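Below is one structure, written out as C-alpha cells; the observations come after it.
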Amino acid sequence: MDHTTIHGEQIMQFSRDDVARILVIVLSQVLEELHVQHTIEGIAVFPAGDSTYLVDIVLRDLSTKEMQGVSITIPPIQE
C-alpha cells in the first residue's frame, strides 16, 4: 500500500497479510533450495512497534512429523 507523506514523498507500507504472503513465498523457496524437508504449517505477523513486525512461523519436519517454531523480528528500513 502506498502512502504520501506531508512532504509529498511516496512511501511503501505493507499490511500484515502482505508481509505474511511474502514470507511464505520466500521461505518456501529457501527451504526448497536448501533441500530442507520442512513445510510451513502456519505463519502469523504481529506489529511490534513503528514499522517493525514480529513473525512467528511453525514448520513441520516431513521425516519426523515434529513441529518447530521460529520467530523473526523485521525492523523498519533505515534510510
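Looking at region 32-50, which of the residues that are hydrophobic (A, V, I, L, M, F, W, C) and closer than 12 Å to residue 69 by Cα is surrounded by the fewest Cβ atoms within 10 Å (Cβ to Cβ)?
Here the answer is 44.
Is it fair to say residue 55 is surrounded by 12 or more Cβ atoms within 10 Å (Cβ to Cβ) and at pLDDT 85 or above? Criteria met by residue 55. Residue by residue through region 1-26, note down the ones that are in a strand (DSSP E or B) and either exposed (fewer than 10 other Cβ atoms within 10 Å of the Cβ) or at pLDDT 65 or above (or both). 2, 3, 4, 10, 12, listed by residue number.
The values are calculated or read from the model by the stated rules, or taken from the named source; none is laboratory data. Note that the structure is predicted; figures quoted are calculated from it, not measured. Neighbour counts run over all protein chains shown; Cβ positions are idealised from the backbone, glycine included.
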